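Participant: Structure below; questions to follow.
Values in this text are rule-based calculations from the coordinates and carry no lab data. Values in this document were obtained by computation on a predicted structure and should not be read as measured data. Cβ atoms come from the backbone with ideal geometry, glycine included; neighbour counts cover every protein chain shown.
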C-alpha cells in the first residue's frame with residue numbers, strides 16, 4: 001500500500017507532469033520531505049525509477065537553462081567590450097551589457113541559494129536540492145559551459161556546510177570534491193584549463209573571467225611597453241644628437257666619451273628592437289584571444305522551451321523583489337542561509353531500499369546507479 005503514495009502524488013492534477021512546469025524542483029523537493037512519500041519510493045522499484053528519471057530531467061533542464069541564458073548574453077557582447085574590459089573588472093565602469101552580465105550571474109547565484117536554503121524546507125529537501133545542484137554543475141561541464149560550471153560550483157562551495165556534505169551519498173560527495181578541485185584558482189585556474197584543453201569541443205564556452213582578465217593584463221603590459229618604447233626612442237635621439245656634437249669638435253682620435261655614447265646608443269637600439277618584438281607578440285596574443293571569443297560567440301544552441309523561459313523569468317522576479325526589499329527596509333530580510341539542523345538521513349536510510357530490495361548492493365553502488373554518472377568518472 002505504501003508504494004502507492006508517490007504514484008497518487010504524481011497523479012494529482014496539481015502535480016501532473018510538473019517537470020514540464022516552471023520551477024519544477026520545488027514540487028519534488030516539497031514532496032521528498034513527506035515521510036509517506038519517502039517510504040513509498042524506498043518500497044517500490046517503479047517509484048525509484050520514476051524519481052530517478054524526474055531528477056535527471058530537472059537537473060538537465062536547469063543546466064540547459066543556465067547554459068542558454070549565459071550564451072545568449074555572451075553572444076550579445078561586441079568585441080569592443082573585450083578590447084577594453086575595464087567594465088568587467090570595475091562595475092562602476094560597466095556599460096549596459098556588462099551590467100546585464102553581472103545581474104544575470106546574480107539571478108543564478110540567488111536561485112542556487114534559494115533552492116537549497118528556503119526557510120520552509122526540511123533538511124531532507126535542502127539536501128536533495130544541494131545534491132541536484134552538484135549534478136547541475138557536472139552537467140554544465142558536459143555541455144562545455146565552463147562559464148556556468150564555475151559560477152555554480154564556486155557558489156555551492158561557498159554555501160555548503162559540513163552537515164550538507166555529510167548527508168550526501170558517498171559517490172556524490174567524492175564527485176563534489178573533484179568538481180571543487182577543478183574550480184580552484186591556483187596557478188591561474190590550471191586544473192580547469194587542463195580539463196578544457198583535454199576536452200576541446202566546438203561548444204566550448206570559456207569562463208569570461210579567463211578572457212577579460214587576460215586581456216586586461218595584456219592591455220596594461222602593452223601600455224607600459226608603448227610608453228617604454230617612446231622613452232627609449234627619445235633616448236636614442238638624444239644620444240644621436242650628442243654623438244653628432246662630439247663628431248664636430250673631436251680630433252682624429254675618438255674620445256672615450258664618444259665610444260661610450262656609441263655603445264649606449266647601440267644598446268638602446270637593441271633594447272628598442274626587443275620592445276617592438278614584445279609589443280608585436282602581445283598584440284598577437286590579444287588578437288588570438290579576441291578571435292577565440294568571436295568563435296565561441298558563434299556556437300549554436302537551441303532555444304529554451306516555454307516552461308524554462310518562465311522558470312528564468314520567475315527566479316529573476318524573485319531576485320529583483322528580494323533586492324528591492326534589501327535596499328528599502330531598515331531591517332532588510334536575511335539572505336537564504338543554512339538552517340541549524342542535524343545531517344539529513346535522506347540517502348542513508350529514508351529513500352534507501354532494504355538490503356534485499358537492492359539485491360545486496362552497497363548503498364554507494366545503489367546511488368551511483370540511481371543518479372546521472374559524473375563526467376569525471378568514479
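Participant: In whole Å, what is the distance between the alpha-carbon centres of region 205-225 and region 18-32?
Facilitator: Taking the Cα centre of region 18-32 as reference, the centre of region 205-225 is 42 Å away.
Participant: What distance in nm separates the two pseudo spin-label positions at residue 258 and residue 35, each 7 Å out from Cα along the beta-carbon direction?
Facilitator: Those two pseudo-labels are separated by 10.5 nm.
Participant: While we're here: Using the per-residue mean of other Cβ atoms lying within 10 Å as a proxy for protection, in what order, highest first, do the peptides 281-290, 176-185 fall?
Facilitator: 176-185, 281-290
Participant: For the chain, what is the calculated [θ] at 222 nm in deg cm²/dmol (nearest 500), taking -39500 (n - 2.57) for each run of four or more DSSP H residues and dividing by its residue count?
Facilitator: Helix-only estimate at 222 nm: -23500 deg cm²/dmol.
Participant: Another question, if that's okay. Between residue 246 and residue 277, what FRET efficiency follows from the Cβ-Cβ distance if R0 is 30 Å, with the result rounded to 0.05?
Facilitator: E between residue 246 and residue 277, to the nearest 0.05, is 0.45.
Participant: Viscosity 1.002 mPa s, temperature 20 °C: what is the translational diffusion coefficient of the chain from Stokes-Einstein with a Kirkwood Rh over Cα pairs, rounded to a whole number of µm²/s?
Facilitator: After rounding, the answer is 87 µm²/s.
Participant: Given the C-alpha centroids of region 168-193 and region 347-368, what is the distance between them in whole angstrom?
Facilitator: Between the Cα centre of region 168-193 and that of region 347-368, the gap is 26 Å.
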